[in-house]
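K.L.:
Below: one structure in structure tokens.
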Amino acid sequence: MIWGLKVQSESVASLILEREEAWLSRRDIAPLRERLKRLPQLEGVSVRLEGEAVSLFWGEIKEEERQEIYECAKALMPWRKGPFWVGDFLIDSEWVSAKKYALLEPHFDLRNKDVADIGCNNGYYMFRMWGQKPKSLTGFDPSPLCRTQFDFINHFIQAPIRFELLGVEHLEGYGKLFDVIFCLGVLYHRSDPIQTLKSLYKGLAKGGELLLDTLMIEGEEEVALTPKDRYAKMSNVYFIPTFKALSHWLHRAGFERVEKLEIAKTGLDEQRKTEWINSQSLEDFLDPCSHDRTIEGYPAPRRIYVKAYKGA
């Protein structure tokens, strides 16, 4: 048993403990964790989950408390997913993640279901999902910075959400099956996409649903683009499929049915540089002469959103 959860695999149980103890005490993370401990305990915090931002509100606080909260948020940069209103300031994240959430929301019902978000980043989507009153909500992401950002926001929200420093490959041994799994913006970072989809399949309960988005290329053939070195300046992009290729991958992984929800080109209104990331963003990744191509000459980022079903 660990944190009230029976984990089938002893290796996964040990890994959870190891990462909790070692990764969160890393030299670059430990000072951030100490800042979390100094955050003020505020009364009367209210939360709004509708609209673009996850918003936290409270009444009057001391100026030094407000400054401590703001400086802690700044120390946790870069903020990739969001946005978040924290009191009177906006964490204007690189991604306007509300656009993706709004696209997907009509296609799922999480009430009284066990839900997982694989590659959950700082938990923005999970905080939005919490509004649907799922039975349980679990995030998987091996980034200690993302975990620390999540803990910063949840210090005020106090939502009953679990955040595991684990990856998709640990789903099978985790000891819990999920009714709905989200896997957003992960698949193209995996060098073996079919094995990744098999892990997602094994993590679902019978009759479960997978909501997935990934980079895609246009075409009617069952093929995938394999960038030589980088794609949009990312070195960890391996396969970018057509819809037909992605459907075949999902079929090989065991899924019974695949439903295409939407295809959307990533625009500068969705991913852009802000003062909360201090690094390059989409505009720097595209050909300056044509935003239809990446800087390397590949088709510009276009995402496909699908829903896949595990048989009962």
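The values are calculated or read from the model by the stated rules, or taken from the named source; none is laboratory data. This is a predicted model, so every value here is computed, not measured. Note: ideal-geometry Cβ built from the backbone for every residue, glycine included; neighbour counts use all protein chains shown.
K.L.:
Kindly provide the set of residues from the range 275-312 that are assigned to a loop (DSSP other than H, G, I, E, B), farther than 20 Å from Pro227 by Cα and in contact with a Lys or Arg (Cβ under 6 Å, 6 or more places away or on another chain), ordered by number.
P.N.:
Ala312
K.L.:
Is at least one residue of the range 209-225 more than 30 Å from Lys176 (Cα to Cα), part of a loop (DSSP other than H, G, I, E, B), at pLDDT 95 or above and touching a His at 6+ places or on another chain (Cβ under 8 Å)?
P.N.:
For the range 209-225, residues more than 30 Å from Lys176 (Cα to Cα), part of a loop (DSSP other than H, G, I, E, B), at pLDDT 95 or above and touching a His at 6+ places or on another chain (Cβ under 8 Å): present.
K.L.:
While we're on this one: Residues being outside any strand (DSSP E or B), surrounded by 12 or more Cβ atoms within 10 Å (Cβ to Cβ) and within 20 Å of the chain's Cα centre (by Cα): count how many of those fall in the range 251-274.
P.N.:
Count: 7.
K.L.:
Let me ask something additional. Polar (S, T, N, Q), surrounded by 15 or more Cβ atoms within 10 Å (Cβ to Cβ) and under 14 Å from the mean Cα position of the chain (by Cα) - does that describe any residue in the range 86-96? Can you show your working first?
P.N.:
Of the range 86-96, the ones polar (S, T, N, Q) are 93.
Cutting the leftovers down to surrounded by 15 or more Cβ atoms within 10 Å (Cβ to Cβ) gives us 93.
Then drop every residue that is not under 14 Å from the mean Cα position of the chain (by Cα), which leaves 93.
Yes: the range 86-96 contains one or more residues that are polar (S, T, N, Q), surrounded by 15 or more Cβ atoms within 10 Å (Cβ to Cβ) and under 14 Å from the mean Cα position of the chain (by Cα).
K.L.:
Right, another one. Considering only residues that are over 23 Å from Trp130 (Cβ atoms) and either of a type in the set (A, V, I, L, M, F, W, C) or modelled with pLDDT under 95 (or both), look in the range 30-50 and name the one that is surrounded by the most Cβ atoms within 10 Å (Cβ to Cβ).
P.N.:
Leu32
K.L.:
Return the residue satisfying two criteria in turn: it lies in the range 164-198 and is surrounded by fewer than 21 Cβ atoms within 10 Å (Cβ to Cβ) and either at positive phi or hydrophobic (A, V, I, L, M, F, W, C) (or both), and of such residues it is modelled with the lowest pLDDT.
P.N.:
Gly175
K.L.:
Let me ask another. Working carefully through the options Tyr124, Tyr101, find the one that is in contact with a helix residue (DSSP H, G or I) (Cβ under 6 Å, 6 or more places away or on another chain) and at pLDDT 95 or above.
P.N.:
Answer to the check: Tyr101.
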